[in-house]
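Taken together, the values in this text are just the output of simple stated rules run on the coordinates, not laboratory data. Bear in mind the structure is a predicted one, so any value in this text is a computation, not a measurement. Cβ coordinates were reconstructed from backbone atoms using ideal geometry, including for glycine residues, and neighbour counts include every protein chain displayed.
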Amino acid sequence: MTIQQINYFLTLAKELHFWRAAEKVFISQSSLSRQIKSLEDELGIQLFQRDKRNVKLTDAGKFLQEHWTILINEFNQVKTQAKKIDEGNSGRVSITYVGSIAFSFLPNFLKHINDKLPDLKLELTEPTDENHEKLLLDYSTDIALSRDEIKNIHIDSVKLSSESVCLVVPNNHWLNISNFGNLNDLKDEKFIIAGLHHSTFFASLLRNLFNKYNFEPKTIIESDFGGMILNLVSQGLGISILPHSFKYAKPENVRFIELNESIDLYISWRKNDLNKTIKRIVDMAKEV
């Protein structure tokens, strides 16, 4: 039994059609049929029920499809990581980040990496409601720039910085630094904010902030994309609460008012990862 045979099986299990499955794996229909028959003979298990018109998974086939899909995904992740380690400085490193740093920390950070490791390919992803811890443990990312410290025995986290959380209002709004008291002044305002039902760290911070002042915001638009929120606030559709970093986007017709709240930025990576480039990038983040 080979990895290739398992991939043939999983493709056929998905397509349930020999001709389409054979096209997907770039072999002839007769070759695919022989490979599946060889796999069944080796296992001593019938994986498919076939007739001239239909192909169906047996119960044993369904069981193997579920479990082999997980194993193949893990195998591919490990293979990808091994390739990254082998490629070293000229390989690839994947980074997930929070959108608020896209206008300040992230550009400086990426420039620093490019200056020191010009042949390194970076893969950037901004997950909206993802678990950075899971992404690291699944090898879906190598480095996570997140707002919360990841506490896991297999992961290292270091705090890079702290910044204030701000009210964001249009320039012609009645609210300013001198007349702002606390959030209770805003009970009649229309808010454009991240969905409070989400599990992200910033959504949790907002929930706690509103609970502290015991009021439910009048949310007219929900968005996890700060750039979109800034644009909507600048159009006078409502007000928002965002990290101070968004000020570096230099939005027009928008004013930032600092609140007595702060938010941190952490960098996290897998502990004892053999890819030495990851540790170099972490050190660069500390320098920036």
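Shape summary of the chain, radius of gyration then Dmax from alpha carbon positions: 25.5, 80 Å.
Between the alpha-carbon centers of the range 15-47 and the range 164-220, tell me the distance in whole angstrom. Each part's Cα centre sits 58 Å from the other's. Note on the range 173-217: Cα-Cα pairs beyond 13 Å make up 59% of the total pair count. Name all residues of the range 180-205 having a backbone nitrogen under 12 Å from the label point set 7 Å from the Cα of LYS212 along its Cα→Cβ direction, giving them as ranges. Of the residues in the range 180-205, 182-184, 205 have backbone N under 12 Å from the label point off LYS212. Out of ASN214, ASN73, ASN54, any idea which swings most in a Gaussian network model of the chain, alpha carbons joined below 10 Å? Checking each option, the largest mean-square fluctuation is seen for ASN54. A cut-off of 5 Å between modelled amide H atoms, ignoring neighbours fewer than 5 places along the same chain, links ILE239 with LYS190, PHE191, ILE192. In terms of surrounding Cβ atoms within a 10 Å radius of their Cβ, SER245, SER164, SER104 rank from fewest to most as SER164, SER104, SER245.
Taking amide H positions as modeled 1.01 Å from N, with prolines and chain starts lacking one, the residues under 5 Å from LEU57 and 5 or more places away or on another chain are GLN49. Its residues counted as N, the range 1-143 yields a C-alpha radius of gyration over 2.2 N^0.38 Å of 1.44.
According to the square roots a ≥ b ≥ c of the eigenvalues of the Cα gyration tensor, what is the shape class of the range 3-86, taking rounded for a/c under 1.5, prolate for a/b larger than b/c otherwise, and oblate for the remainder? It comes out prolate by the Cα gyration axes.
For the range 227-275, just run the numbers: alpha carbon Rg, then divide by 2.2 N^0.38 Å, N being how many residues it has.
1.66
About its Cα centre, the dipole of the chain is roughly 640 debye, where the only charges are +1 on Lys and Arg Cβ and -1 on Asp and Glu Cβ.
Rounded to the nearest whole Hz, the Karplus-based 3J(HN,Hα) values (6.51 cos²θ - 1.76 cosθ + 1.60, θ = phi - 60°) of the range 236-247 follow the sequence x, 7, x, 10, 8, 10, 9, x, 4, 3, 5, 5, with x at glycine and proline. Of all DSSP beta bridges located in the range 161-262, what percent are antiparallel, nearest 5? So the antiparallel bridges in the range 161-262 amount to around 65 percent. Looking at the range 24-76, the trypsin sites (Lys or Arg not before Pro) that sit in a DSSP loop and have at most 16 other Cβ atoms within 10 Å of their own Cβ are LYS52, ARG53. The angle separating the long axis of helix 59-87 from the principal Cα axis of greatest extent in the chain is about 60 degrees.
Seen against the Cα atoms of the chain and their longest principal axis, helix 105-116 is set at about 60 degrees.
Considering only beta bridges that DSSP places wholly inside the chain, some 65 percent are antiparallel. With a Förster radius of 25 Å applied to the beta-carbon distance between ASP119 and TYR248, the computed FRET efficiency rounds to 0.30. Across the range 126-177 the C-alpha pair distances fall into 5 Å bins from zero in the proportions 4, 15, 22, 15, 12, 8, 9, 7, 6, 2 percent. Find which of LEU175, ALA194, ALA144 sits farthest along the positive direction of the dipole of the range 131-204, computed with +1 on the beta-carbon of Lys and Arg, -1 on that of Asp and Glu, about the Cα centre. Highest projection toward the positive end goes to LEU175. Taking the Cα atoms only, what angle lies between the long axis of helix 276-287 and the longest principal axis of the chain, rounded to 10 degrees? Helix 276-287 sits roughly 0 degrees off the main axis of the chain.
Computed extension gain for VAL55 through PHE26, at 0.36 nm per residue and net of the alpha carbon distance, reaches 8.5 nm.
Amide hydrogen proximity for SER262: with H placed 1.01 Å from N in the peptide plane, the residues at 5 or more positions away or on another chain lying under 5 Å are VAL165. In the chain, excluding the sites themselves, the longest stretch lacking any of the chymotrypsin sites (Phe, Trp or Tyr not before Pro) that are in a DSSP loop with at most 14 other Cβ atoms within 10 Å is 27-173. With no solvent and one equal point scatterer placed on each C-alpha of the range 161-262, evaluate the Debye formula and give log10 I(q)/I(0) for q = 0.10, 0.11, 0.13, 0.20 Å⁻¹, two decimals. The Debye formula, applied to the Cα set alone, gives -0.23, -0.28, -0.40, -1.04.
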